[in-house]
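The values are calculated or read from the model by the stated rules, or taken from the named source; none is laboratory data. Predicted, not measured: the structure shown is a model, and the values here were computed from it. Quick reminder, even Gly has a Cβ in these numbers, built from the backbone with ideal geometry, and neighbours come from all protein chains shown.
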Amino acid sequence: MRIFVTGGAGFIGSALVRELLRSGYEVVNLDLLTYAGNLDSLAEVSQHKGYIFEQVDICEIEALHTLFAKYQPHGVIHLAAESHVDRSIDSPRAFLQTNVVGTYCLLEAARVYWKQMKNPERFRFHHVSTDEVYGSLQPGDGALFTEKTAYDPHSPYSATKAASDHLVKAWWHTYGLPCVLTNCSNNFGPRQYPEKLIPHMILRMLHGESLPVYGQGANIRDWLYVEDHARALELVFRAGTPGETYNIGGDCERSNLELVHTLCDLMDELRPRADKAAHRTAISFVQDRPGHDYRYAIDASKIATTLGWRPATTFETALKKTVIWYLENEPWWRPILTCYGQNRLGLGVTP
């Protein structure tokens, strides 16, 4: 079975490509290679006989038509997206273009191709989204996001992902395109772009820099190991019911400050500071992100009961594996850090 994976050079996308190839699929990776796309994340599979890379902008619909005709895929798993909330606050236009226009172009190209397939019932369009479309849970209420939770996005990023989710559902209801949709919690693991919280903190500790925590660090996220997520995505693509949404979560809520404390303790063990001080002493509290959602938490009982998926890796094990990976793979992150510079984004001051 041949699958198009959009955004396959990104963090989650590259983990999914590796998982699909291990599972016997042929994969055509469609990626524009913007700042967060990195083919080094796929170095171990770059010569795999079942792997093909095509550099393409998903907003260019004619190019997509050409690729569908050329490769005749059995389905699409769509991950290509602008994904960093802080970046969306400063530069929302790119998010509208990629997340909304790009999803429309991909849906239309897929629909045209699907209509002329000899076995259209085998086709699947799997759209990968986020729990951020649901908005924010309130302190102390114990509630969880379910597949029935009403959408209430608060950032430009989550608003564009909500729009793309609605487009996918519309193409299912209006045209019958066999779509499945997943909404996941915060991913972490090796090969994540350094603007995200966990690698950002690890690399700042490696360089002896301050550890900036937004507000008082009270905001809560549900953390999901990327390899567990990749397994879930393959399962939903293969066995999910068209027209259905599946929430994928790690059942692992941590406040941002708790998470940073845990990272500091791991770094004390694995890479102590030269001055022997605890890494926690470098924590500083900085101006909060505008409109910072308080809490996200996923109810993943649907995918557990209907498809049998549960996280296979404990948070503690996965986090330690992640820290060790960054310590041992400087050749991967050093060129990125040189370009990225770890500058603060998301204060809403960029024209």
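Taken together, the residues in segment 29-43 that are over 15 Å from the mean Cα position of the chain (by Cα) and either in a helix (DSSP H, G or I) or crowded, with 24+ Cβ neighbours inside 10 Å (or both) amount to 6. State whether the residues of segment 181-203 include one that is of a type in the set (D, E, K, R), farther than 30 Å from residue 334 by Cβ and either touching a residue at least 24 places away in the same chain (Cβ under 8 Å) or touching a Lys or Arg at 6+ places or on another chain (Cβ under 6 Å) (or both). No. Residue pairs whose Cβ atoms lie under 9 Å apart, separated by 6 or more positions or on different chains, with the first residue in segment 11-34 and over 15 Å from residue 233 (Cα atoms) and the second of a type in the set (Asp, Glu) and surrounded by fewer than 21 Cβ atoms within 10 Å (Cβ to Cβ), are 28/54; 29/54; 30/54; 31/54; 32/57. Taken over segment 1-24, the residue count meeting the criterion of being closer than 16 Å to residue 47 by Cα, part of a loop (DSSP other than H, G, I, E, B) and hydrophobic (A, V, I, L, M, F, W, C) is 1. Based on this model, can you work out whether residue 75 counts as in contact with a Phe, Trp or Tyr (Cβ under 8 Å, 6 or more places away or on another chain) and at pLDDT 95 or above? Taking the combined requirement at face value, the residue satisfies it.
When the residues of segment 181-196 are narrowed to those that are at pLDDT 95 or above and out of contact with any Ser or Thr (no Cβ under 7 Å at 6 or more places or on another chain), which ends up surrounded by the fewest Cβ atoms within 10 Å (Cβ to Cβ)? The qualifying residue surrounded by the fewest Cβ atoms within 10 Å (Cβ to Cβ) is 186. Please determine whether any residue of segment 117-135 is surrounded by 15 or more Cβ atoms within 10 Å (Cβ to Cβ), out of contact with any His (no Cβ under 6 Å at 6 or more places or on another chain) and among the acidic types (Asp, Glu). Yes, the conditions are met somewhere in segment 117-135.
Look at (1) closer than 30 Å to residue 337 by Cβ; (2) surrounded by fewer than 17 Cβ atoms within 10 Å (Cβ to Cβ); (3) at pLDDT below 95 and you find that residue 140 fails only one, number (1). Restricting segment 121-173 to residues that are within 21 Å of residue 303 (Cβ to Cβ) and β-branched (Val, Ile, Thr) leaves a set whose member that is farthest from the chain's Cα centre (by Cα) is 149.
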